[in-house]
Amino acid sequence: MSDGTLYIGQKRYSSWSLRGWLAVRLAGLDVEEMMIPFVRPGPTPAIATLSPNGLVPYLEHQGAKVWESLAICDYCAEFEPALWPADRIARAHARSISAEMHAGYRDLRMAMWMNLGRDFSPHGRTPGALANIARIEALWADTRARFGAGGPFLFGAQFTAADAMFAPVVARFLGWGPELTAESKAYCDAVRAHPLVAEWYDGAAAEPDSMLVEDYETLK
Ligand SMILES: N[C@@H](CCC(=O)N[C@@H](CS)C(=O)NCC(=O)O)C(=O)O
């Protein structure tokens, strides 16, 4: 008997689910994974009626109900404090960049949606998406320069909640191939090689064709 359920969308498409799933797995919570495939046009009725904000990821764990990926990261950090950097100043930075991710980059998200099974390069380079990418690259470079010594992730050797929050951005970059600095590419490669990220990609590849969503398979 597990301690609860993590509700997610298709691994191929659900960028926010990836964040919540990584946090839950990094914290080692013993929860069932329940996938509710998106239907289009949305919202997906089974998700809309289940989760308080009508969205996934949504976590039920030991009586707690947690929605919004950043809140799931914080909840998971109660069980695995290393999800955030131990140092106060690094932790403040990690929370700030994670909150910025959570609240922003809408142009990037609209122009370069996550589809782990497609190579959409060289499309999606709208002015807004490129502006978001420039900001993300600057933020990654600054974070790595200040806190990343000793490992390939944003805060060094430890894959933190901040890396979980940016993992879907990495997936978008790998799928749409925008021009990136060598440093950004190295960070993307490190995230893609993380065993949990690799496990998510494997799960996406194993999803049946019946879960494909035409809207996310074709360029607009
Ligand atoms: N801010 C939310 C965003 C969650 C979100 O937008 N989830 C999308 C999927 S990635 C969703 O559930 N969509 C419902 C639908 O498409 O029917 C979070 O951080 O969890």
Put in order of increasing Cβ neighbours within 10 Å, starting from the fewest, Leu83, Leu55 give Leu55, Leu83
A correct Stokes-Einstein calculation for the chain, using the alpha-carbon Kirkwood radius, 20 °C and 1.002 mPa s, returns a whole-number D in µm² s⁻¹ of 122
In nm, the gap between the two label points placed 7 Å beyond Cα toward Cβ at Ala149 and Ala193 is 2.2
Residue ranges of DSSP H helices in the chain that stretch 18 Å or more (Cα, own long axis) and have mean Kyte-Doolittle hydropathy of at least -1.0 are 15-27, 88-103, 127-147, 161-176
Filtered hits (lysines, Cα-Cα < 22 Å from Lys65, offset >= 8 within chain) -> Lys11
So Arg40 and Ala99, fully extended at 0.36 nm per residue minus their Cα-Cα distance, gain in nm 18.4 nm
Distance in nm between Glu217 and Glu32 label points, each 7 Å along Cα→Cβ, equals 2.9
Looking only at aspartates and glutamates whose Cα falls under 16 Å of Lys220's and that sit 8 or more positions away or on another chain, we get Asp107, Asp119
Each label sits 7 Å from Cα toward the beta-carbon; between Ala86 and Ala64 the label points are separated, in nm, by 2.2
In nanometres, the difference between 0.36 nm per residue of separation and the alpha-carbon distance of His123 and Ser2 is 39.3 nm
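Rule-based calculations on the coordinates, nothing more; no lab input. Since the structure is predicted, the reported quantities are computational estimates derived from the model, not experimental observations. When we count neighbours, we look across all protein chains shown, and the Cβ atoms used for this are built from the backbone with ideal geometry, even at glycine.
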